[in-house]
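The values are calculated or read from the model by the stated rules, or taken from the named source; none is laboratory data. None of these values were measured; they are calculated from a predicted model. Here the Cβ positions follow ideal geometry from the backbone for every residue, glycine too, while neighbour counts run over all protein chains shown. Surface areas here come from the heavy atoms of the whole protein model, side chains and all, with no ligands, DNA or RNA. Shrake-Rupley method; radii C 1.70, N 1.55, O 1.52, S 1.80 Å.
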Amino acid sequence: MRFYLTTAIDYVNSRPHLGTAYEKITADVIARYKRLAGIETHFVMGNDEHSQNVYKRALERGMEPRAYCDQMEQEFRAVWSQLDISFDDFIRTTEPRHRTAVEKLAQRCFEKGDIYEGHYEGWYCVSCEAFKQEKDLVEGKCPLHPTVTPEWIRERNYFFRLSKYRDRLLRHFAEHPEFLQPDVRRNEMLRLLEGGLEDISVSRAGQLWGIPLPFAPDNVVYVWFDALINYAAAVGYGTDERRFSDWWPADLHIVGKDITRFHTVVWPAMLMSAELPLPKQVFGHGWVNFGGQRMSKSLGTSLDPSDVAARFGPDPLRLYLVKEISYGGDGDFTWDRYKERYNVDLANNLGNLVSRVSAMADQYLGGTLRPTGDTSPHLRDLPNEVATQYRHAMNKLELHAAVAYVFRLIDATNVHLAETSPWLLAKRPEARDRLGQVLFDAAEAIRLVAVLLMPVMPSSCSEILSRMGETRGPSTLRLDIDGHWRPDGTRTIRKGAALWPRTEEGVPGDVRLKPDAQARLKPGTTYGETAAREHKMDETTAAPAETPRISIDEFMKVELRVAKVLEAEAVPKSKKLLKLTVDTGTDRRTIVAGIAEAYQPEQLVGRTIVIVANLQPAKLMGVESNGMVLAGSLDGGMPVLIGFDREVPPGARVR
Ligand code: MSP
């Protein structure tokens, strides 16, 4: 089995930012997962160099454009290497192999009668490198680049008969619902196609920077027509037909939501015209914002991924981006949130687990673990369930959900330790076998966690595996063999320094809640049945000063407990309500919470929450709710769920 995976190729007028890095990291997670699944994978990235902005930037720097692009290639490669991106090939649009492919494909479309000479007059946004219609502009500006004034251009151009392919494209979308994912993008594109297509310009007149059109060399190929062909060029189109037939069509193009139109309308039409097979799937991921704002150099909201990776290494960043952003949706990065997740997920949770288990194995059993009894009930069925759910989620590109499942196993391992108390067993010589099994189970769970998280945190997981006694190299691991519970074998456990020491320091460039927003934070807001039923968040605000005080006994009547979200789904026909299935430590129950506008269901699975556990049941939109979820909120704003700065197991009382 083979898998050909690509990302968008980047404009090199500036260094990568966290948004462009997000795309490469998530594609890398997919590539590493495919390899782990034993699939021969070819992962291609690259640089898009024939853009006018690249040309301008080179001139501004007093450099020859090609020399500037060479320099930027080194900068890009250095960032990708720092982030542990395991691409197999890196293509640049100024390379001869790419030029040959562009000439060949343009010539084929021309000979097919799909490229004709015409006249273009209209707007052009240099930053998008796209022709814009009046209706696309907002107050005369491109909505994506409000600081750049669009140019009005009039030129003789060559046009591609995009309109001719509309019906075939619609048919392709209908016959292959998987072609464009997630569904929200597919629906956008279907609406666009249903509205009709116009032919597009595929050349620019009077420009020096670009690939000359083979049949009209006074014109250069329009940068998008040029760039899209990189995917075919990288696997030999025009230069190595055998290799091309081995790898084409691509299995998956990962691109941002702003450029799905180019990839699912223009590119397939070009391939149809050239009579080549279409890529099997395009995935249009969302935006990563910085402190709630679109990443932009001019607005000072751009973040250099090297600065973030320099902080705690590449793996915490990779984990944050994959776990905190539901893949396909938009997400946000703030230094505060990043530091918090680092402390909770890595320092306190996984890192602490690895340290405790290896230290106890070393201290109590000389570092050698072997099975000496039955697997702990906490870990009897869950690990293999998690491994299966993880694979399903990964195969559906629900990367965030896959990671959330693995964190359920981490949580279960912590619960297993808390409930079996190996430190007490170690004091009783007659409990030595029990102790051996308890630590063996914990080490085996950690091993499985490290295998499953390997695509996300490659270097940390290699280290964890080696500490857990795995002797095989990470590249030889296979999901079929290593990705499930192994009840036997002897493990030689190694202690080591803390993988992720807890951080308390502030982080430079913190984007914090503005003081006025903080002042508006209302203590005591709850998001459960009352808030949801009434849809009036204001009723649940802080108590006025004259409210009579209550006794501790009265307070203790309210049973606040830690719970873990097992499943989450939207309540049909409700904008605000989510139906949660939670583990309360003693039972599994349904709670309906009014948090749908702030959280996607997938973001909640695996999450630790606080509930009011002893409320009388109430029906909301036909669903019985057995409790209430606690959250804080800004005045009339979005609910923010209460969390902990270290792991607390379900069932723990909150007081
Ligand atoms: N050169 C074109 C792509 C040509 S592909 C044949 C281009 N380049 S880009 O440098 O502007 O963007 C590269 C990728 O990064 C695109 O997929 C784009 O959607 C993505 N992102 C740019 N900013 C982003 C965020 N803030 N967040 C997530 N992805 C973002 O477009």
Query raised in the report: Are there any helices (runs of 4 or more DSSP H) wholly within the range 408-507 with 3 or more residues that are open to solvent by less than 30 Å² (accessible area, probe 1.4 Å), and if so which?
Result: 432-453, 458-467
Query raised in the report: Which of the helices (runs of 4 or more DSSP H) contained wholly in the range 5-119 include at least 2 residues that are among the β-branched types (Val, Ile, Thr), at pLDDT below 95 and within 23 Å of GLU241 (Cβ to Cβ)?
Result: none
Query raised in the report: Any idea which of (1) away from the ligand (no atom under 11 Å from the Cβ); (2) open to solvent by 10 Å² or more (accessible area, probe 1.4 Å) is the one TYR338 doesn't satisfy?
Result: (2)
Report summary line: Of the residues in the range 187-196, those that are in contact (Cβ under 8 Å) with a residue 40 or more places away in the chain and open to solvent by 30 Å² or more (accessible area, probe 1.4 Å) come to GLU188, LEU192
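One line per residue, one yes/no per condition, for (1) among the hydrophobic types (A, V, I, L, M, F, W, C); (2) touching a Gly at 6+ places or on another chain (Cβ under 7 Å); (3) buried (at least 16 other Cβ atoms within 10 Å of the Cβ):
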{"residue": "VAL582", "(1), (2), (3)": "yes, no, yes"}
{"residue": "ARG588", "(1), (2), (3)": "no, no, no"}
{"residue": "PRO601", "(1), (2), (3)": "no, no, yes"}
{"residue": "LEU604", "(1), (2), (3)": "yes, no, yes"}
{"residue": "VAL612", "(1), (2), (3)": "yes, yes, yes"}
{"residue": "LYS619", "(1), (2), (3)": "no, no, no"}
{"residue": "PHE644", "(1), (2), (3)": "yes, no, no"}
{"residue": "ARG655", "(1), (2), (3)": "no, no, no"}
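Results for (1) closer than 24 Å to ALA402 by Cβ; (2) among the aliphatic types (A, V, I, L, M); (3) touching a residue at least 24 places away in the same chain (Cβ under 8 Å), shown as yes or no for each residue.
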residue: LYS575; (1), (2), (3): no, no, no
residue: THR581; (1), (2), (3): yes, no, no
residue: ILE595; (1), (2), (3): yes, yes, yes
residue: GLN600; (1), (2), (3): yes, no, yes
residue: VAL605; (1), (2), (3): yes, yes, yes
residue: VAL612; (1), (2), (3): no, yes, yes
residue: PRO617; (1), (2), (3): no, no, no
residue: MET628; (1), (2), (3): no, yes, yes
residue: GLY632; (1), (2), (3): no, no, yes
Requested in this report: Filter the range 25-44 down to residues that are aliphatic (A, V, I, L, M) and over 15 Å from ARG77 (Cα atoms) and give me whichever is nearest to the ligand (Cβ to nearest atom).
Outcome: ALA27
Report task. Six or more apart or on different chains, Cβ under 7 Å: which pairs go from a residue in the range 476-490 that's free of Cβ contacts under 8 Å to residues at least 60 places away in the same chain to one that's buried (at least 16 other Cβ atoms within 10 Å of the Cβ) and of a type in the set (D, E, K, R)? Could you list them? Result -> ARG486/GLU444
Query raised in the report: Regarding ASP330, is this residue within 16 Å of the ligand (Cβ to nearest atom) and open to solvent by 20 Å² or more (accessible area, probe 1.4 Å)?
Result: yes
Requested in this report: Mind telling me which of the residues VAL344, VAL308 ends up being in contact (Cβ under 8 Å) with a residue 24 or more places away in the chain, touching a Leu at 6+ places or on another chain (Cβ under 8 Å) and of a type in the set (Val, Ile, Thr)?
Outcome: VAL308
Report task. Output the residues belonging to the range 160-181 that are open to solvent by 60 Å² or more (accessible area, probe 1.4 Å) and either under 17 Å from ALA274 (Cβ atoms) or charged (D, E, K, R) (or both). Result -> ARG161, LYS164, ARG166, ASP167, ARG168, ARG171, GLU175, GLU178
Query raised in the report: Quick one: what pairs do we get from the range 238-265, first residue without any contact (Cβ under 8 Å) to a residue 12 or more places away in the chain, second within 16 Å of the ligand (Cβ to nearest atom) and open to solvent by 10 Å² or more (accessible area, probe 1.4 Å), C-beta under 9 Å, 6+ apart or different chains?
Result: ASP240/ARG97
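Results for (1) without any contact (Cβ under 8 Å) to a residue 40 or more places away in the chain; (2) charged (D, E, K, R); (3) within 10 Å of the ligand (Cβ to nearest atom), shown as yes or no for each residue.
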| position | (1), (2), (3) |
| --- | --- |
| SER14 | no, no, yes |
| GLU23 | no, yes, yes |
| GLY46 | no, no, yes |
| GLU60 | yes, yes, no |
| MET63 | yes, no, no |
| GLU75 | no, yes, no |
| ASP84 | no, yes, no |
| THR94 | no, no, no |
Report task. Would you point out the residue of the range 227-253, among those that are among the polar types (S, T, N, Q) and away from the ligand (no atom under 16 Å from the Cβ), that is surrounded by the most Cβ atoms within 10 Å (Cβ to Cβ)? Result -> THR239
